[in-house]
Amino acid sequence: MSNVDLSAKIPNNVDLSQDKRLLRALEQWQPDYLKWWQEMGPTDFQDKDIWLRTAVSVDAEGWANFDYVKMPDYRWGIFLADPVPDRRIGFGDNIGQPAWQVVPGEHRNVLRRLIVTQGDTEPASVEQQRLLGHTAPSLYDLRSLFQVNVEEGRHLWAMVYLLHSQFGRDGREEAEELLQRRSGNPDKPRILGAFNAPVDNWLDFFMFTMFTDRDGKYQLLALSESGFDPLSRTTRFMLTEEAHHMFVGETGVERVVQRSAELMKLDPNEDVRKQGGIPLDMVQRYLNLWFALSLDLFGGEISSNAASFFANGLKGRYKEDSYEDHRALRETYRMVVPKDGVAAEEDVPLRNAMNEVLRDAYIEDCQRGVDRWNKRLVEAGVSPRLRLPSKRFYRHIGLYADMPFDMDGGLLTRQGWEKRKGEWLPTDEDRAYVATLQKPVLEPGQIANWIARPARGIKGLPFEYEYVRLG
Ligand SMILES: [Fe+2]
Ligand SMILES: [Fe+2]
C-alpha cells in the first residue's frame, strides 16, 4: 500500500513533498479553491460539526474514516489507487504497449479536454446543491448532502492534480478556470447541460444523485481503463467515493416512493397530495427529466471522437476485461437512426458506437434501481409502477436531439408533443407543489412527512444520531 502523508497541507499519497514545483503550484491553487468553496459551496452550515468520512489511506480499511469535522476543515487531498505493476494498455490500436506514466504528446490536447470536462462536473454539482441544506428532510439527509458535496470537491482536486502535474502552464490555467465557471450562469456556464440545470429541491437532488452521478460512475469506469495511467489510478479511487453518492440517490428516491405508497394507503381516495406526500406520477416526471438529461452526458450515438478515444487507448469500455475483441474492429452496433421522419435501423462500426455501448451499460444499471423501487410498491400493495422512459425521450444531444418522442420512443408531431409533455415532464405546478414540501426538519430522529426514514443510519449508528451538530 502506498503511504499517505496526512500531516501535509495537502494530504496525498503521491509523494507531493518530493516535487517542490508541483507542491508550490497546488499550494497556490488551494486558497483559490477554499475561496470558491466559501462562495459557492453549501450556504451557512460551514461552522457546524458534521459527521463525515474522509480518506486516511487508500486501502479497504483506511479510505473511509468517520469523524466530526467542519466542512472548510475537510482534508481535501490527492489520492490515487495503488499502481498495477507493469500495467499495459488494454484496448485499441496500442493494445499491449506499456501504459503511459507521462501524458503522451500526441494525445495531450484530447486528454486535457477529457480531464477538464470530467473535472468541471465536480464543482458544478456542489454549486447546484448549495441551497439544499436549508430544506433538508432530516439530519441524516443533511449529512448525506454534505458528504456528497465535500467529495465532489475532492474529485475536483483529483482532476486538478492531473492538470497541474501533467499539463504545465495550460493545466494551471484550466485549473483556475474550473473555479471560475458557474453552474447555470449564462455568461460562464459549466460545460455540460445537466450541470447547469437547477437542483432546487430534494426530489431533484435524489434524482440527480441517482441518475447524473451514475453517469459520472460510468465515465469514471471508462476512464479507469485508460492507457494514461495517472488518469486510470485517479479515477479508480474516485469510484470508491462515487458509490456512496448513488446510494444516496437510489435510497433517497426509494424512501420517497415508499412514503408515497404508505400515504396512498392512508387516504380513502389514495390521494397522496392530500396527505402531504409526492404522488407517484409526479415522481415519474422527475425521473423522466433527470434520466433524459443524464443520457445526454454520454454524447452522440455515432461519434468519431468516441472512436478515436478508443482507438488511441484513452477511454475504454465498461468492464473492458469482459470483452474478447479489445480492438473492436470486427463488430457493429445496430441502432435506430431517424431519417426523413422515419426510424430506420443502421449498423454502425462498433468503435463509432462506444458512447452508446457505455450508455447501454448505464441504462441497465438504472433499470436495476427502478426495479428495486417497484419492489417497494409491490410490497406496499399499491398498483402504480415506475419505469425508465425510452432513450429517445427528451434528448438534446445526438441522433434524437430535439425531436418530439414520447415516453415509449414513438415519434409525435410537434403539436402532439406540446399538448402532452406535461404528462411526462415536471410542470410548473409540480415544481410549485414540491416547493411547498421543502421545509427543514432538523431535530435528531425526526423526518419530513413526504419521505420514509432510511432502513439504517450511517456506519452502524442509529437514524436518531446527531449527524450534524447545529447547536
Ligand atoms: Fe464526482
Ligand atoms: Fe458524485
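When each of the peptides 415-425, 248-258 is scored by how many other beta carbons lie within 10 Å of its residues on average, the order from highest to lowest is 248-258, 415-425. Projecting the Cα positions of Val348, Phe463, Leu163 onto the charge dipole of the chain (unit charges on Cβ atoms of Lys, Arg, Asp and Glu, taken about the Cα centre) puts Phe463 furthest along the positive direction.
For the stretch 1-33 versus the stretch 316-349, the spacing of their alpha-carbon centroids is 42 Å. Here the dipole of the chain is about 180 debye; that uses its Cα centre as origin and unit charges on the Cβ of Lys and Arg (positive) and Asp and Glu (negative).
Each of Ala243, Trp417, Ala222 was placed along the dipole of the chain (beta-carbon charges, centred on the mean Cα), and the one lying farthest toward the positive end is Trp417. Each other residue within a Cβ distance under 11 Å of Arg330 adds +1 if Lys or Arg and -1 if Asp or Glu, for a net charge of -1. With a threshold of 21 Å on the Cα-Cα distance, the over-threshold entries among Lys315/Lys391; Lys70/Lys459; Lys315/Lys339; Lys391/Lys421; Lys274/Lys419; Lys20/Lys188 are Lys315/Lys391; Lys315/Lys339; Lys274/Lys419; Lys20/Lys188. Between the amide H of Thr332 and those of Leu350, distances stay under 5 Å, these residues lying 5 or more places away or on another chain, with hydrogens modeled in the peptide plane. Peptides 90-97, 267-274, ordered by how many other C-beta atoms sit within 10 Å of their residues on average, highest first, read 90-97, 267-274.
Helical runs (DSSP H, four residues minimum) scored at -39500 (n - 2.57) apiece and divided by the length of the chain put the mean residue ellipticity at 222 nm at -15000 deg cm²/dmol.
Share of antiparallel DSSP beta bridges in the chain, in percent to the nearest 5? Antiparallel: roughly 90 percent of the beta bridges in the chain. Measure off, as a whole percent, the carbon and sulfur share of the 1.4 Å-probe accessible area of the stretch 342-471, all protein chains present. After summing per-atom areas, the C and S share lands at 51 percent.
Within the chain, the whole DSSP H helices whose Cα atoms reach 18 Å or more along their own axis and whose mean Kyte-Doolittle score is at least -1.0 are 108-128, 139-166, 229-266, 280-296, 354-380.
Accessible area per residue for the chain, computed on protein heavy atoms with a 1.4 Å probe, is 42 Å².
Shape class for the chain: oblate, because the ratio a/c of the largest to smallest gyration tensor axis (alpha-carbon atoms, square roots of eigenvalues) is 1.5 or more and b/c is at least a/b. For the stretch 46-151, a crude dipole built from +1 on the beta carbon of Lys and Arg and -1 on the beta carbon of Asp and Glu, taken about the Cα centre, is about 220 debye to the nearest 20. In this Cβ point-charge picture (+1 for Lys and Arg, -1 for Asp and Glu), the stretch 398-471 has a dipole of about 260 debye about its Cα centre. Peptides 330-340, 41-51 ranked from most to least packed, by the mean per-residue count of other Cβ atoms within 10 Å: 41-51, 330-340.
The values are calculated or read from the model by the stated rules, or taken from the named source; none is laboratory data. This structure is a prediction, so every number in the text was calculated from the model and none was measured. With ideal geometry, Cβ positions are generated from the backbone for all residues, glycine too; neighbour counts draw on all protein chains shown. Surface areas here come from the heavy atoms of the whole protein model, side chains and all, with no ligands, DNA or RNA. Shrake-Rupley method; radii C 1.70, N 1.55, O 1.52, S 1.80 Å.
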